[in-house]
1. Send over the Kirkwood Rh of the range 2-186, from the inverse of the averaged 1/r over different Cα pairs, rounded to one decimal Å.
2. Return one number: the angle in degrees, 0 to 90 and rounded to the nearest 10, between the long axis of the Cα atoms of helix 537-554 and the longest principal axis of the Cα atoms of the chain.
3. Could I have the simple spin-label model distance between residue 375 and residue 211, label points 7 Å from Cα toward Cβ, reported in nm to one decimal?
4. Relative to the compact-globule scaling 2.2 N^0.38 Å, provide the ratio for the alpha-carbon radius of gyration of the chain.
5. Provide the net charge surrounding residue 107, with neighbours chosen by a C-beta distance below 12 Å and charges set as Lys +1, Arg +1, Asp -1, Glu -1.
6. For the range 104-220, just list the percent of Cα-Cα distances falling in each 10 Å bin from zero outward, please.
7. Per the helix-only calculation at 222 nm, which mean residue ellipticity applies to the chain, given -39500 (n - 2.57) for every DSSP H run of n ≥ 4 and division by its residues, nearest 500 deg cm²/dmol?
8. Helix 410-424 versus the longest principal axis of the chain: what angle, 0 to 90°, nearest 10, using Cα atoms?
Amino acid sequence: MRGRIAGSLERFLYVSQMGYAPADYADKLLKRAYIAAALTAFLLAFTLYLLLSGDAVLLLLLPMNPLPLLTAAVFAPWGYVAFSYLRPRLRALRISRGLSRELPYACAYATSYVAAGLPPRRALMMLAEKSRLLPYTSRELQRVEKLRQLFGLDDLEALERDAKLHTSREWRDFVLSVVAAERGGGDVLAVFRDMLRGHFAELRAFYERLSRKMSMVAEAVVVLFAVMPLLMYVLVSVSATPEAMESARLFTFVLQPALSVAMLFGIDAMYPREPFNLYRKSYLRTALYVPVGVAVALSLLFGLITVDVPYVLAWSVGLGLLAFTGMAMVDFERERIVQASVLNALPAFTRDLAEEVKKGKSPLQAIAYLSEARSYNRWFDRLLRYVSNSLLTGRRLKKVVEELAPKLPWRVALIFDILSDAEDIGARREVFEEVASITRQVNAIVSSARKALNVYKFIGAFAAVLSIGMSTYVLRSVVVPISRIAYESGAWEMIGLITPEQVPQLADTVYVGTVISAFILGLLSGKMSENHVGAGFKWSFTFLLLALSTILFSAVV
């Protein structure tokens with residue numbers, strides 16, 4: 001048993017770098033299994049003894065229905081054992097996914113190094129220093145270096161041994177291809193260019209699969225946040241009992257937000273993650289706007305600010321959310337415009353840089369010339385001037401890039417880092433042509449993916465319009481007529497139908513749900529289309545304006 005467990009986990013423990021030998025981890029798992037078995041046996045025996053003893057005092061120790069508690073107590077230790085067994089596999093899976101995301105860019109680095117004349121093994125091992133930009137790749141290659149030193153291997157042998165133990169097929173194929181290119185000789189650059197084309201094709205296919213997944217998510221969004229609330233409020237409107245109204249409020253204030261959080265996490269898991277989040281500070285500032293929205297909502301709700309409109313709860317929640325999203329939208333959009341401008345100018349800059357290097361300028365001279373002679377956009381020009389001025393003071397391009405990397409979009413930081421490496425190793429003009437080609441290809445792939453994903457913000461808009469419009473229609477064309485008929489015929493006393501006096505309270509509850517749905521749908525639209533919750537602030541603001549305008553002019557009561 002011990003050997004079988006150790007063998008099944010050997011590769012996963014190696015990749016996850018948990019610091020356990022397979023045999024030691026197998027012993028640890030077996031000890032936990034023995035403890036879980038002993039604990040289970042004790043709990044079952046103790047419970048059986050209490051039930052069979054017939055002692056009233058002892059039976060007081062048990063709840064009325066001991067089965068749920070007993071089941072939880074039995075399964076908890078075994079669940080921990082199962083988690084311990086799966087933990088290396090889960091960590092290895094996370095690392096494999098991280099490597100798959102980084103491989104196209106790692107191959108781009110290696111291709112530029114090979115174009116500069118470095119041997120393939122050296123080109124690959126240089127990536128061990130890229131812990132900030134390529135964290136998973138860097139970690140793997142640092143382990144290869146440890147393997148080489150521990151067993152006295154050369155670079156190729158260490159790379160080959162590591163690849164054969166790895167759980168990621170993509171990483172294994174990439175490393176073994178590098179080893180084969182080194183040993184086989186020939187046109188090594190052509191081999192790397194072919195690998196790069198393959199990885200870019202896979203990147204394009206990944207975004208196509210992502211677009212198909214988002215289409216299913218969009219359908220779920222329409223059902224969960226447009227159709228389901230509408231059905232809920234229709235059912236409640238038939239019988240506005242206290243229990244039904246309480247169910248409507250529970251759905252509005254608890255279930256809908258919980259579903260939205262689950263959807264946001266699900267969408268986040270589908271998108272590729274970048275090593276650093278440039279919008280972290282913007283999100284932290286957004287938290288400061290929450291008290292403003294809460295203050296507006298409470299002031300309206302408790303009459304500190306008097307507004308002569310019906311549906312006080314709906315207006316309080318709606319205007320509070322509107323105040324919050326308005327400020328958050330301005331803050332986030334300002335940051336997003338800067339990052340998008342820098343990204344959009346990058347392909348033109350690398351192309352111009354390659355042309356200037358072809359004319360005989362050094363990379364540093366080319367950067368200084370372009371900062372004065374060319375204008376890309378306001379934000380990229382500012383970045384280029386800062387880089388040029390820093391170089392004129394004698395700083396190395398590498399140091400400038402390291403300083404700027406955390407403030408730049410990840411792909412921009414990657415390209416500038418490749419350029420700084422090319423400058424350090426004295427690369428020929430072919431390298432800068434390669435960098436320009438890589439930048440153009442990556443930009444084309446990502447831009448195409450963004451265009452395909454942008455359609456899903458309109459799905460959110462459709463769901464918001466559907467929710468707002470149908471809620472108003474149901475209230476005006478179904479609820480109000482039913483309440484009048486029920487009151488005039490006396491049916492409300494016999495079968496509990498809604499009465500005209502209950503319509504305003506129900507309408508307020510329905511409109512609160514509509515407002516919250518509009519806010520949630522805006523956030524989901526931004527997340528689906530751009531992979532940033534903050535990108536949905538502008539859509540939430542728009543949908544909230546639409547919802548409040550509809551409430552203002554609906555005149556249900």
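Values quoted throughout were computed directly from the atomic coordinates according to the rules given, and no laboratory measurement underlies them. These figures come from a predicted structure and were not determined experimentally. For neighbour counting, all protein chains shown are included, and Cβ atoms are generated from backbone atoms with ideal geometry for every residue, glycine included.
1. 19.8
2. 20
3. Going by the 7 Å Cα→Cβ label model, 3.5 nm.
4. 1.27
5. Result for the neighbourhood of residue 107: -4.
6. 13, 40, 29, 11, 5, 1
7. -27500 deg cm²/dmol
8. 10
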